[in-house]
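Novice: One structure coming up, written as structure tokens, with questions to follow.
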């Protein structure tokens, strides 16, 4: 299946410009009316080690409606099935509880808390790392 034929379940639409990461697979998150409510993507693809990062952002007025969790699960599956990776990671600042709640509801498993490995707004943060391995994906319903 080509990237243009990505099974998006009606929530993701290919169409965000990359921020310089030429390996990125970026998408717009849409509500049922087709309105843009956020963005999500698979980025920092490391082909040699068969892994990538999954990230998401939802507009404040659209939070709490399941968009982030649904987009995250779609992208975890996309990273493994379509990009062909063995491992998909979600890194979240330990100070970002709403994003951590999304990761907790996703198919990913909390693997570690890493010290000062994520720089946001010029400040080093500890980060939770959630992962999904290809061998684990088969245990999750489509």
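Novice: Taking residue 103 as meeting all but one of (1) more than 15 Å from residue 130 (Cβ to Cβ); (2) within 13 Å of the chain's Cα centre (by Cα), write down the number of the exception.
Specialist: (1)
Novice: Counting only residues that are under 19 Å from residue 139 (Cα atoms) and without any contact (Cβ under 8 Å) to a residue 24 or more places away in the chain, give me the strands (runs of 3 or more DSSP E) lying completely in segment 36-128 with at least 1 of them.
Specialist: Passing ranges, in order: 109-120.
Novice: Here's another thing I want to ask about it. Condition first: modelled with pLDDT under 95 and loosely packed, with under 15 Cβ neighbours inside 10 Å. Can you find one or more residues in segment 101-108 that meet it? First the steps, then the outcome.
Specialist: Quick first cut of segment 101-108, residues modelled with pLDDT under 95 only: none.
No, segment 101-108 contains no residue that is modelled with pLDDT under 95 and loosely packed, with under 15 Cβ neighbours inside 10 Å.
Novice: Something else now. So is residue 18 more than 13 Å from the chain's Cα centre (by Cα), surrounded by fewer than 17 Cβ atoms within 10 Å (Cβ to Cβ), at pLDDT below 95 and in a strand (DSSP E or B) or not? Even if it seems obvious, please write down each step before you answer.
Specialist: Numbers: more than 13 Å from the chain's Cα centre (by Cα): yes; surrounded by fewer than 17 Cβ atoms within 10 Å (Cβ to Cβ): yes; at pLDDT below 95: yes; in a strand (DSSP E or B): no.
No, not satisfied.
Novice: Applying the selection to segment 66-91, what residues are surrounded by fewer than 17 Cβ atoms within 10 Å (Cβ to Cβ) and closer than 12 Å to residue 40 by Cα?
Specialist: Correct list: empty.
Novice: Let me ask something else. Of these, 94, 63, 109, which one is touching a helix residue (DSSP H, G or I) at 6+ places or on another chain (Cβ under 9 Å) and closer than 20 Å to residue 41 by Cβ?
Specialist: Being touching a helix residue (DSSP H, G or I) at 6+ places or on another chain (Cβ under 9 Å) and closer than 20 Å to residue 41 by Cβ holds for just one of 94, 63, 109, which is 63.
Novice: Looking at this structure, is residue 23 modelled with pLDDT under 95, in contact with a helix residue (DSSP H, G or I) (Cβ under 8 Å, 6 or more places away or on another chain) and in a loop (DSSP other than H, G, I, E, B)?
Specialist: Criteria not met by residue 23.
The values are calculated or read from the model by the stated rules, or taken from the named source; none is laboratory data. Given the structure is predicted, the values throughout are model-derived calculations rather than measurements. When we count neighbours, we look across all protein chains shown, and the Cβ atoms used for this are built from the backbone with ideal geometry, even at glycine.
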